[in-house]
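Taking it in order: structure first as structure tokens, then the write-up.
The numbers here are math on the coordinates, done by the rules we state, and not lab data. Worth saying up front: this structure is predicted, and the values here are computed from it rather than measured. Note that we place each Cβ from the backbone using ideal geometry, even for glycine, and neighbour counts take in every protein chain shown.
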Amino acid sequence: MIHLHDKVVLRVGLVAVVAATAGVAAAAAMATSQAPPAPVRPGDARAQLDAIKRYAEQSDPLVRAAGADPAAARPLGRDDRGMTIRAVDGRAARCVLTSDGTSFCATPEQVRRGQSLHIRNDCSRPRGDMRITVVLPASAVSAQLAYGVGAGAPMTVAGGVAWIDARTPAAGDATPVEIRARDRGGRLLPAIPIPGGFCPAD
Amino acid sequence: MWITSVNAHPRRRRARAVASLATVAVLSFVSAAYAFYDEDYGGSTVSAGGGYVESSGAHAFVFNSTAIANSGYLACQLLTKSGTYNLVDHGYGQCTQNATPDDYKWARGYNQSGSTTVVYGYAKTN
């Protein structure tokens, strides 16, 4: 025998369960029913950011926004800190993914203009970790990180991508200024400048 | 009375158990929904060579993304203002970065290009 009070409690409980289930289902549907976005016009920053936001709940949203599938990325190697570097081609860009969640893409035009690099800096301490990754021109077979003075540091090159682990320069340290890539014949290709400003501050 | 008595009728205990579970489910869903926070920030003109846009506050951000209108060099940054956490990623056109939710961090986007332009930012928690 169920008392009237218990029936009311039971009904309220069942309604709550149904409501919660429907809410979770609706949230899940919103997260999974997104259609692939239309290609974004280069230079339309607002649209580019919106395209990335569409995938913000998934891994490597920037890569997905570029029309590439992160799961299809092929491993190129590891950096000195044990991170796996992978690459995959998107609609109009080559994308590079690192196992710490970093990713970036570069179009052929950006590669041609020397604007195909990504730099990560740990600015929480002096001389924190710095990783420089770059998509190289197709003819490049080697690359070197050049500092203002002295010899450069060789970069690891694989699959058209070069990377190097270094330290964020502190005041007075030598600062990397460009990446110098060479083709199979040893000829120097146009330099890829490193703009600096590693640890922007107020 | 929500405390189940050992002497209560089995159906009554079942009804109370169902209601309790439902309450927990609803509260969990509601609290999860409220815990999530995301924010579009910036969208304003930023001076060349280091001007920045910033989130309206510090949150347990795990994702930050920025885009620059002139496709130039930019940076995205997640930082605590005490400096204990300060991760900066640089690139051309757009930038994304991930972080753990351990700290309440500010999200920023820097114009590191050579001309004044608009920088957009988006950051979110888990």
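Here are the numbers:
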| read-out | value |
| --- | --- |
| Two-site FRET efficiency, A:ASP165 against A:ASP44, from Cβ-Cβ distance with R₀ of 22 Å, rounded to 0.05 | 0.05 |
| Hz values of 3J(HN,Hα) by residue in the range B:109-123 - Karplus curve (6.51, -1.76, 1.60), Gly and Pro given as x | x, 10, 8, 10, 7, x, 9, 5, 7, 8, 10, 10, x, 8, 9 |
| √(5λ) per eigenvalue of the Cα gyration tensor, the range B:57-126, largest first, Å | 22, 11, 9 |
| Volume per residue that the Cα convex hull of the range A:65-194 spans, once the total is divided by residue count, Å³ | 106 Å³ |
| Two-site label geometry, B:THR45 and A:ALA72: point separation in nm, points 7 Å out along Cα→Cβ | 4.2 nm |
| Neighbour cut-off at most 11 other Cβ (10 Å), DSSP loop, trypsin sites (Lys or Arg not before Pro), the range A:108-202 | A:ARG184, A:ARG187 |
| Other-chain or far-sequence residues with amide H under 5 Å of A:GLY90's (modelled H) | A:CYS95 |
| Computed FRET value (nearest 0.05) for A:ARG81 with A:ALA151, which takes r as the C-beta separation and R₀ as 25 Å | 0.65 |
| Descending semi-axes in Å of the range A:131-187, equivalent ellipsoid built from Cα gyration tensor | 22, 12, 7 |
| Inter-chain Cβ neighbour average for residues A:141-150, partner chain, 10 Å | 0 |
| Residues B:ARG14 and A:SER99, FRET efficiency given R0 of 51 Å [Cβ-Cβ distance, rounded to 0.05] | 0.55 |
